[in-house]
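Okay, here's the structure, questions in a sec.
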Ligand code: XIL
């Protein structure tokens, strides 16, 4: 009797537990040995968001230069860092990034001239007239874009101008001071400073928030009708392993594609733990991430070559991802682990490339 019970209980365990349970693995269970670098395999620029302070670390710098052909500053080229006053600038981190890129034959994508979350206090508290504010913005855009003319290939001129769910213009200090047409004017100021630089509008949510997508498309159509310069759109692509659907992504991409603009997957990271159910990465979830990275890059490759601006992943190593603080969950959303080992996610990208 005892033996029968034991057999039944073992069968039960086998059927309902072990096949469901994900076995946590650390280390090599979800890393692998690469045979090629991303930048060597990709037919379009493959980029990463970096911090100037980290590239002097040889291990970090050598991985960035070996794997990536395009660089974006994670935060150091934003206005709250660069614009220290109406006619004073901090160029140090940007110069470091641009110099590093030139030494390693990498493109630099400028991010971002205007973003409501990176406004210096002296601009937030600006007490002059609308015309004076406009001049401040014009001078700032001319100074930054002009200084890096020929060295920075492209700029996110405005980042995240539309509100979630409604698609209304976000009520930023720029809109309050300059009026609803501020975006167009800033694109023109950037074009004045560099006739050859590519000008991007960048946002999140434009894949799954139809109101926001429509608002962005209406802006593009209006720009194209009026002859306001715009060269491309950045889809930030802060997504999860299980959301949003590929068909939603394809739908949004197709709409921008039909406008003839360049498309940048500008801040790609993929949450492995959006529901907070993991305390460490598991083999199953690492494999889910590998497949998801592969699917996203495969979709990107379907864009006509002339419109492929590139893909940028938002950070190098998992432990440095902004998502950890932003969402408060443990996360493993990138291509390298905390020890700089190549994750299966990297393999997924290579498989698609
Ligand atoms: C984030 C950076 O990752 C952080 O280091 C910084 O402190 C705040 O900004 N959308 C954007 C990026 O356009 O600039 C943001 O980057 C992430 C969300």
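The values are calculated or read from the model by the stated rules, or taken from the named source; none is laboratory data. Because the structure is a prediction, the values reported are computed rather than measured. We place every Cβ from the backbone using ideal geometry, glycine too, and count neighbours over all the protein chains shown.
Can you say whether residue 212 is modelled with pLDDT of 95 or more, under 20 Å from the mean Cα position of the chain (by Cα) and either within 16 Å of the ligand (Cβ to nearest atom) or not in a helix (DSSP H, G or I) (or both), as far as the supplied structure shows?
yes
Output the residue which, of all residues in segment 311-325 that are touching a helix residue (DSSP H, G or I) at 6+ places or on another chain (Cβ under 9 Å) and part of a helix (DSSP H, G or I), is farthest from the ligand (Cβ to nearest atom).
Result: 318.
Going by the conditions given, is residue 118 modelled with pLDDT of 95 or more and within 16 Å of the ligand (Cβ to nearest atom)?
So residue 118 passes the test.
If a residue must be within 24 Å of residue 69 (Cβ to Cβ) and crowded, with 17+ Cβ neighbours inside 10 Å, how many such residues does segment 87-127 contain?
Within segment 87-127, residues that are within 24 Å of residue 69 (Cβ to Cβ) and crowded, with 17+ Cβ neighbours inside 10 Å number 16.
This table checks each residue for (1) closer than 19 Å to residue 251 by Cα; (2) free of Cβ contacts under 8 Å to residues at least 24 places away in the same chain; (3) more than 16 Å from the ligand (Cβ to nearest atom); (4) buried (at least 21 other Cβ atoms within 10 Å of the Cβ).
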residue	(1), (2), (3), (4)
290	no, no, yes, yes
309	yes, no, no, yes
327	no, no, no, no
334	no, no, no, yes
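Inside segment 235-252, can you point out the residues that are in a helix (DSSP H, G or I) and out of contact with any helix residue (DSSP H, G or I) (no Cβ under 7 Å at 6 or more places or on another chain)?
247, 248, 251
Separate question: Just checking, how many residues over segment 153-178 are away from the ligand (no atom under 16 Å from the Cβ) and touching a helix residue (DSSP H, G or I) at 6+ places or on another chain (Cβ under 7 Å)?
Counting residues in segment 153-178 that are away from the ligand (no atom under 16 Å from the Cβ) and touching a helix residue (DSSP H, G or I) at 6+ places or on another chain (Cβ under 7 Å) gives 8.
Shifting gears a bit: If you take just the strands (runs of 3 or more DSSP E) that sit entirely in segment 39-107, which of them hold at least 1 residues that are more than 16 Å from the ligand (Cβ to nearest atom) and at pLDDT 95 or above?
Of the strands (runs of 3 or more DSSP E) lying wholly inside segment 39-107, those with at least 1 residues that are more than 16 Å from the ligand (Cβ to nearest atom) and at pLDDT 95 or above span 46-50, 83-85.
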